[in-house]
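To start, the structure under review is shown below, and the notes come after it.
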Amino acid sequence: MGFLVILVLMLLCFIAGIAVTIFVQWYLFNLYIDKLPYVGPASKPVIAPFSLPKAVLEEEPLGKEPAGSINALLQFLFQECRNTKRVRKWFRHRLSLELEELLTRTTTGKLFEKIVLRDLDLGSHLPAIRSIEVKTLSVDPGTKLIEEVELCLDLDYSGGFQLSIDASTRLSKLAHVSVKVNELSGKGMLKFTRYPYTHWCFTFYNDPTLQLEVETQFQGRSWAQVNSIIANQIRKSLKRKHTLPFYKIRYKPFFVKPEIDSLVEEEETQPGLLELTIVEATRLSSSPGPVFCNVAIDSSAWIELTHSGTASYLTVDVSITKHSGPHIGISFKQEFISDKYQVGVVVESVSNPLCQDLKSGDIVVMVEGKNVQSLSALNKIIKQCQNKVTLRVERKLKLILGTEDKMNQGENFGLRSRSIAGGDKTDSDSSNPPSSSDSPAKRSISGSPEHSKGIPRLSLCSEAEMEASKPQMFSTKDVPFSKVVQFNETFKINVLPDHKYVNLSVWSRGSEKNNLLGHISLPVKPHCCPPSPGHHVALYSLLPPNPNLTASIGNSLASHPGFEPCLCFGDVLLSFAFTGTGLGVANQTTAASSPTPGPSSSSSSTILPEIPEVISGPKHDFVRTHFEKVTQCGFCFKKIWLKDALQCEGCLMSCHKKCAVKAQAGAGCARTNLRRPSVQPEIITTPPDDINAQASVVEENLFSLRSGEEINDVLEALLSRPHDEGLMDAAKASGKMLFADFPPNVRKGKIDEMMSKIKHEIDAESQNHAALQREEQNSDNATTKAKIAFLVGKSEERLQALTVLMLHCCAGLQDTREGEEAS
């Protein structure tokens, strides 16, 4: 018994020793691991740049080469795939499209009621390649990328491809045509290229040898007389479409057209942290200066954000589908926009449920890529559109303004600034070209010292104050322009449930203005939040900065079928890594080591509060006034019949008593806004093309306002000139010299008096314009209606000229204020 106890104790000690040994080893192992530095998974995507193998670079062209191995591979694939459902369905679909084109777009198709593909035989084999030769292999010396590959193929085919069709004529007669290809041989060109975007094409260098066997039946009886006619038509079609210099630009099966998945409105974005890396941009439009990117995540898709002293606007493209009726379910109105101090076309109401992207109060800038100057011009362009109308609008939002020093980084993310009184140039004329009714141009505050100095800063909010309606914005460093622009910058973005789109734009920085090169809006959930961990890399084509650029692009491939002009503005390579963990950490920016370091402009990020309501500026100082003449309400633009209403002592705005409360909740007193202390000196930026025109206008002393009696003379001179961007710039430049020889107090009083007179002229002309429009609507006589329409057009021109005069005076008033501050 004692021996058994000793044995058990020895066994327990042995097991305890093993356990202690394993525990000590495990402890020492963990202690050793903990002392090692933490590395973790890769924080940046690993993307090796493309490079050709040395064997390809050092290989000398051998001229024509046999293609035995390629023939064997292609013939095997055809053997196994020719009778599969997918391949036959693809051939039937392509041939059906050709027959539909024959039926709808040719004169021959007018004789037939219906053409149907009956039978299809793909033949016994594929065309054989007797020889292959590399005609062109273009490699860029800087990027080492293959720009173009052109192959010459000597083809020979005798496989007997055959198809038969049934046709029903308009005389209720039936016809049957069978075509068999007995021989097709010739030298074909197979080209792959990446400019202006990646595509391929195939065509014959010269007319190929083609032998056809055609059989024709009409009402079941042979009709041999037309066999040769059909064969000749096929040969002519082959020469017209598939012989140099004619060919079709193709994508499949090698390439796929870039498409953005649609966003399901009911889906809510999962909150978390998104690491967005902008790797590179290629095939951009030529840029004289460095290039940078702006990124914003928001609840809506937009192109750019413009900022003025009292308002900020999002530029949005909205597509509207037209139905058979004459109306599209949207009401527009032409009114004076106090924030921009201009007359513009505004969306009054939206009754079409399919136009949810368009909101009341949106300012229409362009329609189908054309500038909108008046309500009549907008209606004319919409009537000319067939099925779809694309509107570019500016949507007002609210930004919190502050003066804290910590807001310096808010000046660099790429906002555009627009001055109210004088205004400046837009960063990109291509993204928002000027029109005769455009506001004074806009200015960039996107990071360059000369543009960001003195700009009203944007208040940032803490992470605890972050809301889904606040867009987060980021900007990359400046990188020198090249064929492949390397950014390699990572941004950590807090994704909130209401965030729907990542808006990215690529800009070219200039000395006077920044130009928009391209943009894209990606739905967050399907594109930017991959479900699996790690970095997901994707290439996206940039959209044109201006819709009408796709119609006016001068590319040598524009005449070829299949050309897509909207793909000619470059592409951007992005990487996404998403962590779905509630609210992410604070926004950060991590710049990777770039092979092409840019200037010292630093990356930046900010969060902007977006509140889609009207900004309430300084209140109107309304007093009850009895008018001597019939006056128009400045808020609802309707007539004040009893001549007893309210008038603001600051901006001289006339207003119904019933409209006073709504007017106080509106944009505020425009004249008071103009008299507020200026926060920055005005920077007049004029494009080189308009310098001579502006100088000539100033030299002619067009804006010679010294008394109220000269207003009509100046208006007559303005009406004889086109209201283009050059005239706007001249009005601002010459406004600084208005009454400049008077003391500041006297000068300010004279400018105020002149602005009051111009305001009175605008009110009177607006009243006349409204009366003419009513008379035009009530008139039934065509001749009278045409005369009134002519007078309406003249009235609109006079309103635009008065707006230019008001801009001229506003520039003088701003110059007076800046002079007082400087002294």
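The values are calculated or read from the model by the stated rules, or taken from the named source; none is laboratory data. Computed from a predicted model, the values in this text were never measured in an experiment. Every residue, glycine as well, gets a Cβ built from its backbone with ideal geometry; the counts of neighbours run over all protein chains shown. Accessible surface areas use protein heavy atoms only, side chains included; no ligands, DNA or RNA. Shrake-Rupley method; radii C 1.70, N 1.55, O 1.52, S 1.80 Å.
Summary of computed values
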{"quantity": "In sequence order, calculated HN-Hα J values of the stretch 768-775 (Karplus, 6.51, -1.76, 1.60; Hz; x Gly/Pro)", "calculated": "5, 5, 5, 5, 5, 5, 5, 5"}
{"quantity": "Gain in span if fully extended, residue 581 to residue 348, counting 0.36 nm per residue against the direct Cα distance", "calculated": "79.7 nm"}
{"quantity": "Which listed pairs, of 252/388; 658/794; 135/187; 380/794; 110/173, have C-alpha distances above 20 Å, in listed order", "calculated": "252/388; 658/794"}
{"quantity": "Of 178, 77, 39, farthest towards positive along the dipole that unit charges on Lys, Arg, Asp, Glu beta carbons give the stretch 34-178", "calculated": "178"}
{"quantity": "Charge tally in the Cβ shell below 11 Å around residue 103, where Lys, Arg are +1 and Asp, Glu are -1, residue 103 excluded", "calculated": "-1"}
{"quantity": "Most to least packed among 767-777, 131-141, 360-370 [average Cβ atoms within 10 Å]", "calculated": "360-370, 767-777, 131-141"}
{"quantity": "Theoretical FRET efficiency, 1/(1+(r/R0)^6), r = Cβ-Cβ of residue 187 and residue 555, R0 35 Å, to 0.05", "calculated": "0.85"}
{"quantity": "Probe 1.4 Å, protein heavy atoms only - accessible area per residue of the stretch 118-205 in square angstrom", "calculated": "46"}
{"quantity": "FRET efficiency for residue 116 and residue 239, using Cβ-Cβ distance with R0 set to 30 Å, rounded to 0.05", "calculated": "0.65"}
{"quantity": "FRET efficiency, 1/(1 + (r/R0)^6) with R0 35 Å, evaluated for residue 775 and residue 101 via beta carbons", "calculated": "0.10"}
{"quantity": "Per residue, in Å², the accessible surface of the stretch 1-59 once ligands and nucleic acids are set aside, probe 1.4 Å", "calculated": "97"}
{"quantity": "In sequence order, calculated HN-Hα J values of the stretch 75-85 (Karplus, 6.51, -1.76, 1.60; Hz; x Gly/Pro)", "calculated": "5, 5, 4, 5, 4, 8, 10, 5, 9, 6, 5"}
{"quantity": "Sum of side-chain charges, residue 210 neighbourhood, beta-carbon under 9 Å (Lys, Arg +1; Asp, Glu -1)", "calculated": "-1"}
